[in-house]
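Peer 1: Submitted below is the structure of interest, expressed as structure tokens.
The values are calculated or read from the model by the stated rules, or taken from the named source; none is laboratory data. This is a predicted model, so every value here is computed, not measured. When we count neighbours, we look across all protein chains shown, and the Cβ atoms used for this are built from the backbone with ideal geometry, even at glycine.
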Amino acid sequence: MTVFGSRKKSTADNLSHGKIDTLIGEGTQIKGTFQSSGVVRVDGFLEGSIEHDGDLIVGPKGRIQATIKARNLATAGEIHGDVEVAEKLELLPGAHLKGDVRCGHLVIHEGARFHGRSLMSVTDSAEPPQPARSPGD
């Protein structure tokens, strides 16, 4: 099942995204700055900051206490910290997000909890072009 771009019902039990490039398994703890790309799944614990150029998946047992920047984020786990997602942020059943959110699209499923402020905005590249200036302006 594809989480991003899918119209099928998402659940914590079938959180997958095809090929996972990096898995932070249950029982693993990472503290500091985490930089990555591709598809990353977190079933362990991350603390600090995450700068991810790709799709981030937080499984039902995953816990993150960090500021997060990612292209897409789907979570069924627990996140404490501010989140900035360029495209789609999806809170699946059982997810708990405590922090402010800025994203392109926000989906909150029944059973997910969100405590914070949200701002949905288009990415900078999608802003309308400025009118052409005439010579002499």
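Peer 1: From (1) at pLDDT below 95; (2) of a type outside the set (Gly, Ala, Ser); (3) within 16 Å of His109 (Cα to Cα), pick out the condition that doesn't hold for Thr22.
Peer 2: Failed condition: (3).
Peer 1: Separate question: Give the residues of region 17-34 that are within 15 Å of Gln65 (Cα to Cα) and either among the aromatic types (Phe, Trp, Tyr) or assigned to a strand (DSSP E or B) (or both), sorted by residue number.
Peer 2: Correct list: Ile24, Gln29, Ile30, Lys31, Gly32, Thr33, Phe34.
Peer 1: Oh, and also: What are the residues in region 107-132 that are within 19 Å of Gly54 (Cβ to Cβ) and modelled with pLDDT of 95 or more, if any?
Peer 2: Residue satisfying the conditions is Val107 alone.
Peer 1: Any chance you could count how many residues in region 73-119 are of a type outside the set (D, E, K, R) and more than 15 Å from Lys61 (Cα to Cα)?
Peer 2: Residues that pass the stated criteria total 21.
Peer 1: Going by what's in this entry, would Asp82 be described as more than 25 Å from Arg117 (Cβ to Cβ) and either among the acidic types (Asp, Glu) or surrounded by 15 or more Cβ atoms within 10 Å (Cβ to Cβ) (or both)?
Peer 2: No.
Peer 1: So Asp53 fits all but one of (1) at pLDDT 95 or above; (2) in a strand (DSSP E or B); (3) loosely packed, with under 14 Cβ neighbours inside 10 Å; what number is the exception?
Peer 2: For Asp53, the failing item is (1).
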